[in-house]
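K.L.:
Let me give you the structure first, and then I'll get to my questions.
The values are calculated or read from the model by the stated rules, or taken from the named source; none is laboratory data. Predicted model only: the values in this text are computed from it and were never measured. Positions of Cβ are generated from backbone atoms using ideal geometry, with glycine treated the same way; all protein chains shown enter the neighbour counts. Just the protein is used for accessible areas: all its heavy atoms, side chains included, with ligands, DNA and RNA removed. Shrake-Rupley method; radii C 1.70, N 1.55, O 1.52, S 1.80 Å.
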Amino acid sequence: MFRNEFKIVVRTLLKNKLYSFLNILGVAVGLSACLLILTVVINDLSYDKNWKNAKYLYRVIGLNKINYGKEETPNVFSGLVPELKRNFPEVREFCRMQVEQKMLKFDSAKEAVPIESLSAENTIWNILDLTVREGNPKSVVEGIDNIVITKQIKDQYFPDVDPVGKIIYDVSNNAISKSIITGVIDDMPSNTHLRAQIITLRASLRGLQPDYNKLINGSSIAVMPQYLLLDSKTDIGSFEKKMNLWYKKQDNDKLSQNSFILQPFTDVYLRSDYKEPQGIHGSIDTVNAFAGIAILVLLIACINYVNLSAARALERVRECGIQKILGAGRAEIFLKFLLESLVLFGIAFVLAIGFYSLSITYLEDYLGHLLTVTIFGNMKFSLFTLSALFLTCLFTSLYPAFILSKIDPVNAIKGQVGKITGTGILKKLLVILQFSISIVVLIEAISVHLQFEYLRSADPGYDKRNLLQIGFTNWGAAGASFKKELMKFSGVEGASMAMWYPSFGPG
């Protein structure tokens, strides 16, 4: 029975080639676009959830008292988390780490190359579940920064040699410093805000400079991002109160109004709108916007399918009338047209997967990194996609199947179409809705384009030509002397020192 119905459905689609082609292509393009957008959305939502300790990891955020209120910053005094570890049993481990771009020479005779480095300390092995491939990087070589490279760097710069023990030269700050390679690990996952090509285990955080590791009157000689691994039974609200009460007893009057909050590790990528620049970050608002666009694209494709199906239904009323006269019940006709929709959606889905596979590489090139969660590599995403496809097909097919199965055979034979469908208002509403959504999306796209054009061409309020900004440096008492020396150069027309510059802050 099913086999015969399936044959009839295939013959019907082949008989009406133009209709079938337009419907299948429209649904396929809509599905592929929706899948590509959803891939970006789900991949962004997956950031940092793959770590074993993700649920118990938190970043310390400082709330600093300033003239206009309180400013949140992920850079806090370097000695804070070691003191928290010593004073609170809830703290299982801590790690001070951040991603920085370094200029490195893998051979002293060759040119330096830019490398993303995760600067951290040796406690990182207790925080992140990293897989060691070569060497013994957990045993540090004292007196020098230890570098752990990823498999990608090993294959690129040390394809035929053992890199462990090799010296790397850091020329990032116009001064050469040496580091030693102590091991090789698997590549860092691309869906983490700590994505890097190497890990630099800093000697300064191993007790060689004690002032980095303690608080003196509530402060330290440096600030940096810091992470805590808390006990699974810890109440975060209560711990924050305890932490801030303890800190107020450590600081001086100047810092007495400062406090701290804990940001969940899995929120760092999408929910970090701080003035301190973070190399790898996203936006939950952008994710929500993309999710809405994906739904609208799919909705347009579905409405287009319904409208084409409804228009073609008027040509098939006599077919349905004859089937009813020959004994076919309403349920049989309904299931037949439902099967036809399932076959059409199935073909469109296969075509959409083809479009998706051809486009995913270009999407990754555009984003600048690999997508960890895709329909091919994630079972949950695949099952979700198939379930969503089936439900979309089911609900989209109900209307055409309903209007064709409810016809009166007498009206069908007479060709009295108006009495058969009675759905003119609904069809008009669907067409209006389809065009309205398309117009809204088009207007939004044009608005975003014009906004970016405005940002590129608008007057920023200063002349940025021939303007050089030197990164943050603690000049101390030498700042005025350095500025005076700069002004002696013939090409320098002016110099200034400040704690902020126009492009410093969240985008």
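K.L.:
Can you name every residue in region 45-95 that is touching a Gly at 6+ places or on another chain (Cβ under 9 Å) and under 21 Å from Q250 (Cβ atoms)?
P.N.:
If we filter region 45-95 for residues that are touching a Gly at 6+ places or on another chain (Cβ under 9 Å), which is where we start, we get 47, 71-77, 80.
Answer for region 45-95, where residues must be touching a Gly at 6+ places or on another chain (Cβ under 9 Å) and under 21 Å from Q250 (Cβ atoms): E71, E72, T73, P74, N75, V76, F77, L80.
K.L.:
Follow-up. Filter region 191-206 down to residues that are over 27 Å from the mean Cα position of the chain (by Cα) and in a loop (DSSP other than H, G, I, E, B) and give me whichever is nearest to E116 (Cα to Cα). Break it down into steps so the answer makes sense when it comes.
P.N.:
So the first thing to find is which residues in region 191-206 are over 27 Å from the mean Cα position of the chain (by Cα), and the list is 202-206.
Narrowing further to those that are in a loop (DSSP other than H, G, I, E, B): 202, 206.
Working: R202: 15, R206: 22 Å.
Per the stated criteria, the residue is R202.
K.L.:
Condition first: closer than 17 Å to W125 by Cβ and among the polar types (S, T, N, Q). Can you find one or more residues in region 191-199 that meet it? Lay out the reasoning, then the answer.
P.N.:
Step one: filter region 191-199 for residues closer than 17 Å to W125 by Cβ, giving 192, 194, 196, 198-199.
Going one step further and asking which of them are among the polar types (S, T, N, Q), we end up with 192.
Yes, region 191-199 contains at least one residue that is closer than 17 Å to W125 by Cβ and among the polar types (S, T, N, Q).
K.L.:
Another question about this same structure. Quick test of your reading of the structure: E240 fulfils all but one of (1) assigned to a loop (DSSP other than H, G, I, E, B); (2) at pLDDT 90 or above. Name the failing condition by number.
P.N.:
(1)
K.L.:
Next question. Look at region 458-492 and say how many of its residues are at pLDDT 75 or above, among the acidic types (D, E) and within 43 Å of the chain's Cα centre (by Cα).
P.N.:
Total satisfying the criteria: 1.
K.L.:
Since N136 meets every condition but one in (1) in contact (Cβ under 8 Å) with a residue 60 or more places away in the chain; (2) out of contact with any helix residue (DSSP H, G or I) (no Cβ under 7 Å at 6 or more places or on another chain), which condition does it not meet?
P.N.:
Of everything listed in (1) in contact (Cβ under 8 Å) with a residue 60 or more places away in the chain; (2) out of contact with any helix residue (DSSP H, G or I) (no Cβ under 7 Å at 6 or more places or on another chain), N136 misses just condition (1).
K.L.:
Collect the residues in region 172-190 that are within 25 Å of D160 (Cα to Cα), part of a strand (DSSP E or B) and not charged (D, E, K, R), keeping them in residue-number order.
P.N.:
So in region 172-190, the residues within 25 Å of D160 (Cα to Cα) come out as 178-189.
When the remaining residues are screened for being part of a strand (DSSP E or B), the result is 178-185.
Listed by number, the residues that qualify are S179, I180, I181, T182, G183, V184, I185.
K.L.:
Given the conditions (1) under 19 Å from S179 (Cβ atoms); (2) modelled with pLDDT under 90; (3) within 23 Å of the chain's Cα centre (by Cα), report the number of the one that L130 does not fulfil.
P.N.:
It is condition (2) that L130 fails.
K.L.:
For region 436-469, which residues satisfy the criterion of being under 30 Å from K483 (Cα atoms) and of a type in the set (K, R)? Talk me through it step by step, then tell me what you get.
P.N.:
Going through region 436-469, the residues under 30 Å from K483 (Cα atoms) turn out to be 459-469.
Residues satisfying the conditions are K464, R465.
K.L.:
Open to solvent by less than 70 Å² (accessible area, probe 1.4 Å), modelled with pLDDT under 85 and part of a strand (DSSP E or B) - does that describe any residue in region 38-57?
P.N.:
no
K.L.:
What's the number of the condition V161 fails, among (1) outside any loop (DSSP other than H, G, I, E, B); (2) over 17 Å from A203 (Cβ atoms)?
P.N.:
Unmet for V161, out of (1) outside any loop (DSSP other than H, G, I, E, B); (2) over 17 Å from A203 (Cβ atoms): (1).
K.L.:
Can we say L205 is surrounded by 14 or more Cβ atoms within 10 Å (Cβ to Cβ) and at pLDDT below 90?
P.N.:
Details: surrounded by 14 or more Cβ atoms within 10 Å (Cβ to Cβ): yes; at pLDDT below 90: yes.
Taking the combined requirement at face value, the residue satisfies it.
K.L.:
Keeping to region 361-387, report how many residues are more than 14 Å from the chain's Cα centre (by Cα) and modelled with pLDDT under 85.
P.N.:
Step one: list which residues in region 361-387 are more than 14 Å from the chain's Cα centre (by Cα), which gives 361-362, 365, 375-387.
Cutting the leftovers down to modelled with pLDDT under 85 gives us 377-378.
Selection size over region 361-387: 2.
K.L.:
Here are some conditions: (1) over 20 Å from the mean Cα position of the chain (by Cα); (2) at pLDDT 80 or above; (3) aliphatic (A, V, I, L, M). I295 meets all but one. Which one does it not meet?
P.N.:
(1)
K.L.:
Considering only region 430-439, state which residues are open to solvent by 50 Å² or more (accessible area, probe 1.4 Å) and touching a residue at least 12 places away in the same chain (Cβ under 8 Å).
P.N.:
V431, L433, listed by residue number.
K.L.:
In region 424-438, is there at least one residue being modelled with pLDDT under 75 and among the small types (G, A, S)?
P.N.:
Initial filter on region 424-438 (modelled with pLDDT under 75): 424-428, 430.
Among the residues that remain, those that are also among the small types (G, A, S) are: 424.
Scanning region 424-438, I find at least one residue that is modelled with pLDDT under 75 and among the small types (G, A, S), so the answer is yes.
K.L.:
What strands (runs of 3 or more DSSP E) lie completely within region 90-130 and have 1 or more residues being in contact with a Leu (Cβ under 9 Å, 6 or more places away or on another chain) and open to solvent by less than 30 Å² (accessible area, probe 1.4 Å)? Spell out the reasoning first.
P.N.:
Values: elements: 91-96, 98-105, 113-120.
Output list reads 91-96, 113-120.
Conditions (1) within 33 Å of the chain's Cα centre (by Cα); (2) within 22 Å of R92 (Cα to Cα); (3) surrounded by fewer than 17 Cβ atoms within 10 Å (Cβ to Cβ), marked per residue:
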{"residue": "K154", "(1), (2), (3)": "yes, no, no"}
{"residue": "A175", "(1), (2), (3)": "no, no, yes"}
{"residue": "T182", "(1), (2), (3)": "yes, no, no"}
{"residue": "M188", "(1), (2), (3)": "yes, no, no"}
{"residue": "S219", "(1), (2), (3)": "no, no, no"}
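The rows are residues; the columns are (1) modelled with pLDDT of 90 or more; (2) closer than 18 Å to A33 by Cβ; (3) open to solvent by 30 Å² or more (accessible area, probe 1.4 Å).
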| residue | (1), (2), (3) |
| --- | --- |
| I300 | no, yes, yes |
| R318 | no, no, yes |
| G327 | no, no, yes |
| R330 | no, no, yes |
| I333 | no, no, no |
| K336 | no, no, no |
| F345 | no, yes, no |
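K.L.:
Among the residues of region 64-71, is there at least one that is over 30 Å from K233 (Cβ atoms), assigned to a loop (DSSP other than H, G, I, E, B) and at pLDDT below 90?
P.N.:
yes
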